[in-house]
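See below for the structure under consideration.
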């Protein structure tokens, strides 16, 4: 069983690695090398997401197509990032902007599931970007880190 504090400790190395870095293609490539889907850290975070959902402290809001929840506000323990997890099945979500960028950890539950046309791994949106988060091909969990917790729903 994973607790929220244990979950925070699993995510902290990723947040520490990203802290102070420009959010863009270089960080995305580095995250996919350092914390690849085959890496222990990635696998432990994935398992903790599933455990948190099963225990009811993660993804506690929403409906059958999209369950979500912010587990941590930005702070010292998360190196200035908020931490959210979304469990999405075949859905085009609401458009939003990333004033300070967004880091997405994509964890397909259905093998062929894709988030914004990406499979398992990391996707980084630069500051000022926006999108309609979209999962196709089944179900996926997405953990996202927002610098300063900033997001603008449009």
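Values quoted throughout were computed directly from the atomic coordinates according to the rules given, and no laboratory measurement underlies them. All values reported here derive from a predicted model rather than from experimental measurement.
Take every pair of alpha-carbon atoms less than 8 Å apart whose residues are at least six positions apart; their mean separation over the length of the range 4-153 yields a relative contact order of 26 percent. When shorter helices are ignored and each DSSP H run of at least 4 residues is given -39500 (n - 2.57), the per-residue value for the chain at 222 nm works out to -8500 deg cm²/dmol. Between 102, 76, 90, the residue with the greatest mean-square fluctuation in the GNM of the chain (Cα pairs under 10 Å linked by springs) is 76. A P(r) calculated from all alpha carbon pairs of the range 4-153, with 5 Å bins opening at zero, reads 2, 10, 21, 26, 24, 15, 3, 0 percent. Dividing the mean sequence gap of close Cα pairs (under 8 Å, 6+ apart) by how many residues the range 50-110 holds gives a relative contact order of 23 percent.
Take every pair of alpha-carbon atoms less than 8 Å apart whose residues are at least six positions apart; their mean separation over the length of the range 99-154 yields a relative contact order of 49 percent. Look at where the Cα atoms of the range 91-111 and of the range 1-40 average out, and the two centres are 15 Å apart. Between the range 115-154 and the range 57-74, what is the separation of their alpha carbon centroids in Å? The range 115-154 and the range 57-74 have Cα centres spaced 14 Å from each other.
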